[in-house]
Amino acid sequence: MNTYKITLLAVLAALAIVGRYFFVFIPNVQPVTSIIIISGLTLGPIAGVLLALIISFVSNILLGMGIWTIWQTVSWGIIGIISGWIGKFFPRLPFLYILLLSFLSGYFYGFIISLTTYQISGAFWPYYIAGIPFDTNHAIGNVLFMSFFFPIINYLIKKYRMTWIDVK
């Protein structure tokens, strides 16, 4: 991994952390999942997982650390891996499918986070069902953030990709 890619991951992480902090007043609406999906699709699964680790720990230093941090890291890491594989096998994925991936990732994230309650109390289904409106907020927010960020970030990554190849 060269310095350009590391710098890009740092900028994406900062964007996601600031975005998460900025939208904290709207339950489960933050740009984190969308940015992890974009990094996975364009930079690969390792970049998606690294971004998930950085974002979950640094943003939770600001917003509150707890047992849920582990599950946030796991869920965002899995989303980064899945989007990275999708980006490798389908490099020209239609934008509608990317939006569908970001929408479904909101519900997947909520499912994994619900395992936190199961780990602590043993009650999974009541917590998961009660959280579906929040997962819906997350899914809709992902689509909105993806609609805004994907064209910009994808353009910039493609524009500077040749610079990364030349520097190696």
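So if the hydrodynamic radius of the chain is defined as the Kirkwood radius over C-alpha pairs, what does Stokes-Einstein give as its diffusion coefficient at 37 °C and 0.692 mPa s, in µm² per second? Could the numbers behind the result be given before it?
Details: Rh = 16.1 Å.
D = 204 µm²/s.
Once phi is turned into ³J(HN,Hα) by the Karplus curve 6.51 cos²θ - 1.76 cosθ + 1.60 with θ = phi - 60°, what whole-Hz value does each residue of the stretch 147-158 show in order, with x for glycine and proline?
The phi angles translate into 4, 7, 7, 4, x, 5, 5, 4, 4, 5, 5, 5 Hz.
Could you tell me the distance between the Cα centroids of the stretch 64-119 and the stretch 121-154, to the nearest Å?
Measuring centre to centre over Cα atoms gives 9 Å.
Which length gain, in nm to one decimal place, applies between L144 and A130 when the Cα-Cα distance is subtracted from 0.36 nm times their residue separation?
Working: separation 14, 0.36 × 14 = 5.04 nm, distance 2.33 nm.
Answer, rounded to one decimal: 2.7 nm.
Kindly provide the helix-only [θ] at 222 nm of the chain, computed as the sum of -39,500 (n - 2.57) over DSSP H runs of four or more divided by all residues, to the nearest 500 deg cm²/dmol? Don't skip to the answer; put the middle values down first.
Values: 7 runs with 142 residues, N = 168.
Value at 222 nm, helices only, nearest 500: -29000 deg cm²/dmol.
Label point 7 Å out from L53 along Cα-to-Cβ: which residues of the stretch 74-98 have amide N under 17 Å?
Under cut-off, by backbone N: 74-82, 84.
Please compute the alpha carbon radius of gyration of the stretch 35-123, then divide it by the globular-protein estimate 2.2 N^0.38 Å. Two decimals is fine. Kindly include the intermediate steps, with their values, before the conclusion.
On the way: Rg = 13.7 Å, N = 89, 2.2 N^0.38 = 12.1 Å.
Rg over 2.2 N^0.38 Å, computed on Cα atoms: 1.13.
Every read-out reported here was derived from the displayed coordinates using simple, explicitly stated rules and does not represent laboratory data. All of these numbers come straight from a predicted model, not from anything done at the bench. With ideal geometry, Cβ positions are generated from the backbone for all residues, glycine too; neighbour counts draw on all protein chains shown.
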